[in-house]
Every structure is written in structure tokens, then in C-alpha cells.
Amino acid sequence: STYRLELPTELKQRRLHDNFHVSVLRPYEESDSILFPNRTQPEPYDFGAPPEAEEFVLSIENHKWKKGTVLFEVHWALGDITWEKYSTVNQLKALDEYYMLKGVSKWQELP
């Protein structure tokens, strides 16, 4: 069975399909501020895409070197995980947090 949902305008502008199989639908439950205090929304960043295509970066979890270039493993709020070049992520707060976790101050210092 599938259901057609009435989507918010922002999602319609992104051309998100409005038909969903029942297996991927769940009732909406608002975050409980008592169980999860100080929970904040991820910081938006558009990677050069139009504003209506804005994505949310949760964190940078890893890095790897490939042909003399460093790539970063980016975890997105929608569940995607991608490998991005430094030039793509260099303005992200998540990159600064990753540097701090690794004990470095710039990408050239990464092992």
C-alpha cells in the first residue's frame, strides 16, 4: 500500500515525490526536551547548490588520502554518507570539530 502525503512547500520545491510505501512511514513524534536537553538542529550548508536544495551536515566522521588529496566522510541529516573533497567542506563547522577530535589544526597535519 502507498500513501500520498501533503508535503510542506519547501519539500515540493525540491521536487520530492509525495507517494510513500507504508513500510517507510512512521507517526511523527516531537523530540522530548526532558529526555534530550539542548538538542539542536544541524547547521545548514548548501555546497554551492541553490538555496532550495539546502542539506544538513551532522558531522565529519573520517578521512582518507587518495592520490595526494584528502577526502572527508560526511554524515548528512537525511542519513546519507558521502566522501567530499577539502574544497567542498572547508567552510563547515563540522570540519573544525573533526580537527579538534584528531588533535590537528589543518588538513595537511592529518595522518
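Odds and ends about this structure:
- Cross-link partners for Lys66 among the lysines, with Cα-Cα distance under 29 Å and sequence neighbours closer than 8 places in the same chain left out: Lys85, Lys93, Lys102, Lys106.
- Tyr28, Tyr99, Tyr3, reordered so the largest accessible area comes first (probe 1.4 Å): Tyr28, Tyr3, Tyr99
- Paired Rg and Dmax values of region 58-111, which use every Cα atom, in angstrom: 10.4, 30
The values are calculated or read from the model by the stated rules, or taken from the named source; none is laboratory data. No experiment lies behind these values; they were computed from the predicted model shown. Only protein heavy atoms, including side chains, enter the accessible area calculation; ligands, DNA and RNA are left aside. Shrake-Rupley method; radii C 1.70, N 1.55, O 1.52, S 1.80 Å.
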